[in-house]
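Asker: Below is the structure I would like to discuss, written out as structure tokens.
The values are calculated or read from the model by the stated rules, or taken from the named source; none is laboratory data. Model, not experiment: these values are computed from the prediction. Cβ coordinates were reconstructed from backbone atoms using ideal geometry, including for glycine residues, and neighbour counts include every protein chain displayed. What goes into the accessible areas is simple: the full protein's heavy atoms, side chains included, and nothing from ligands, DNA or RNA. Shrake-Rupley method; radii C 1.70, N 1.55, O 1.52, S 1.80 Å.
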Amino acid sequence: MKRWQKFSLILVSFILLVAFFMLPLPAYIEEPGTAEPLSQFVKVDGQKDRQKGAYMLVTVGIQRATPFRWLTAHFNTFDDILSPQELMGGASDETYNQMQEYYMESSINNAIQQSYQLAKQPYQVKYLGIYVMDIIKQSSLAGVVKIGDTITAVDGHHFQSNQGFINYLKDKAVGTKVKIAYQHNDQDKIATAKVIKLPQTNRNGIGITLTDRTTIKTKIPVKINAGDIGGPSAGMMFSLQVYEQLTHGNLRHGRKIAGTGTIAADGTVGAIGGIDKKVVAADHAGAKIFFAPNDRVTKAMKKADPDYVNNYHEALAAAKKINAKMKIVPVRKFADVINYLEAHR
């Protein structure tokens, strides 16, 4: 074989090898992530938690698939291959990341509210405005207002919930112009929007999907900075970390304790995705206890998805697969977490 032919063969082989390991595919791999000590993210009254052991936030790892990772994912029990639609619901990367930031912010606010309430410490919920979660293409605000902006007033009217905003607009005639005051990157801005007939509804509006945006004011200062971690699934564990530092109760007694679940304003612990992967991550980090949402499974849910398994039972199955010694504890309210730790010191 001539020298140039050998060189060409080597070059092509090298390119194919690089592509096999590095070429991004239109898919994502969901895998066990990490278990992060919550003390690094939380300060109460200016202090970090320095007691032995740790409460841990558990993550699911997401990475762009390559041919190599796509292939190996088929042989790893806790790896799942997701399409962009399955992962982000059709949202752009920017919109998806913005939504994850909002969910984390909302989760942190609910966590502070719950921990202060249970610790009997004063707090105040302050309404900031209406968070923009989506904008339909028919809206006159498309390209003007962005996902993540906060609407603070409509025609000079301020509301204490998004329902007040909806009620104000629903009786406006199609084509009516309204003045929107909003904040973008902490800057106050004004825009004019036209009232339209909302698709697939019998209501009028300006074509945005919205939710309330609040913040929590406390007498004892608390600061939570989750860094690049997004989503709502750490809410229950943030509540536990803040509660421990408020009460100085030392409920963990040197143990590593992990868990997952959203936290609502009323203390309800909600189901999350990827709990099997979080069990694996917590076990690898040496957790002794893992709190799992024991979400109720209704007949309607079973009818829609006959194979649905609630978070607690999915966590139990994952722990059994890896022969984990970790205790899986079912919870439905944040108070269940505290009651368990007080009873199992």
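Asker: What is the packing order of peptides 50-59, 155-164, 130-139, 286-295, taking the mean over residues of other C-beta atoms within 10 Å and listing the highest first?
Answerer: Details: 50-59: 20.6, 155-164: 12.6, 130-139: 17.5, 286-295: 22.5.
Ranking, from highest mean packing down: 286-295, 50-59, 130-139, 155-164.
Asker: When only C-alpha pairs under 8 Å and at least 6 residues apart count, what is the relative contact order of the chain, in percent?
Answerer: Values: 674 pairs, mean separation 69.9, N = 345.
In percent, rounded to a whole number, it is 20.
Asker: For TYR243, what is the net charge nearby, where nearby means another residue's Cβ is under 12 Å from its Cβ and Lys, Arg count +1, Asp, Glu -1? Before the final figure, lay out each step's value.
Answerer: Numbers: positive: LYS120, ARG252; negative: ASP49, GLU244, GLU342.
The answer is -1.
Asker: By the scheme Lys and Arg +1, Asp and Glu -1, what is the net charge of all other residues having a beta-carbon under 14 Å from that of GLY175?
Answerer: With Lys, Arg at +1 and Asp, Glu at -1, the neighbours total +3.
Asker: At 1.4 Å probe radius, can you tell me the per residue accessible area of the stretch 1-71 in Å²?
Answerer: Averaged over the residues of the stretch 1-71, the accessible area is 68 Å².
Asker: What span do the alpha-carbon atoms of the chain cover on each of the three principal axes, reported in whole Å from largest to smallest?
Answerer: 76, 65, 46
Asker: With a ≥ b ≥ c the root eigenvalues of the C-alpha gyration tensor of the stretch 1-117, is it rounded (a/c under 1.5), prolate (a/b larger than b/c) or oblate? Present the calculation step by step, with values, prior to reporting the outcome.
Answerer: Details: a/c = 3.26, a/b = 2.37, b/c = 1.38.
It is prolate, given that a/c is not under 1.5 and a/b is the larger ratio.
Asker: Can you give me the Cα centroid spacing of the stretch 132-161 and the stretch 38-88 in angstrom?
Answerer: The distance from the Cα centre of the stretch 132-161 to that of the stretch 38-88 comes to 32 Å.
Asker: Same structure, new question: In the chain, what percent of the accessible surface is made up of carbon and sulfur (1.4 Å probe, ligands and nucleic acids excluded)? Let's see the in-between values first.
Answerer: Working: 9900 of 18850 Å².
Result for the chain: 52 percent of the exposed heavy-atom area is carbon or sulfur.
Asker: If the only charges are +1 at each Lys and Arg Cβ and -1 at each Asp and Glu Cβ, what is the size of the charge dipole of the chain around the Cα centre, to the nearest 20 debye?
Answerer: Values: 42 positive and 30 negative charges, 59 e Å.
Dipole of the chain, to the nearest 20 debye: 280 debye.
Asker: Next question, about the same structure. Please compute the net charge surrounding ILE108, taking Lys and Arg as +1 and Asp and Glu as -1 over other residues with Cβ under 12 Å from its Cβ. Present the calculation step by step, with values, prior to reporting the outcome.
Answerer: Numbers: positive: LYS223; negative: GLU101, GLU105.
Once all neighbours under 12 Å are counted, the net charge is -1.
Asker: A follow-up question, please. Just to be sure I understand the rule: take each whole DSSP H helix in the chain, project its Cα atoms onto its long axis, keep it if the span is 24 Å or more and its mean Kyte-Doolittle hydropathy is at least -1.0. Which ones pass? Intermediate results must be reported in sequence, preceding the final value.
Answerer: Numbers: long enough: 3-22 (28 Å, 1.66); 93-118 (37 Å, -1.23).
In the chain, the long hydrophobic H runs are 3-22.
Asker: Now for a different question. If you place +1 on the Cβ of every Lys and Arg and -1 on the Cβ of every Asp and Glu, how big does the dipole about the Cα centre of the stretch 95-211 come out, in debye to the nearest 20? Don't skip to the end; give the middle numbers.
Answerer: Values: 12 positive and 8 negative charges, 89 e Å.
Around 420 debye, computed over the stretch 95-211.
Asker: Under 10 °C and 1.306 mPa s, how fast does the stretch 156-280 diffuse according to Stokes-Einstein, given a Kirkwood radius computed over C-alpha pairs? Answer in µm²/s, whole number. Write down the numbers at each step before the final one.
Answerer: Working: Rh = 18.8 Å.
This corresponds to a translational diffusion coefficient of 85 µm²/s.
Asker: Something else about it: If you roll a 1.4 Å probe over the heavy atoms of the protein chains, what accessible area per residue do you get for the stretch 118-183, in Å²?
Answerer: Numbers: 3560 Å² over 66 residues.
Result: 54 Å² of accessible area for each residue.
Asker: Would you compute, from DSSP H runs of 4+ residues alone, the mean residue ellipticity of the chain at 222 nm, taking -39500 (n - 2.57) per run and dividing by the full residue count, rounded to the nearest 500?
Answerer: After summing the helix terms and dividing by residue count, I get -10500 deg cm²/dmol.
Asker: Also, I was wondering about something else. In straight Cα distance, which aspartates and glutamates are under 17 Å from LYS299, not counting same-chain residues fewer than 8 positions off?
Answerer: Within the straight-line cut-off, LYS299 pairs with ASP307.
Asker: Okay, next question. Against the 2.2 N^0.38 Å scaling, with N counting residues, where does the stretch 207-344 land? I'd like the Cα-based Rg ratio to two decimal places. Present the calculation step by step, with values, prior to reporting the outcome.
Answerer: Values: Rg = 16.2 Å, N = 138, 2.2 N^0.38 = 14.3 Å.
Here the Cα radius of gyration is 1.14 times the empirical estimate.
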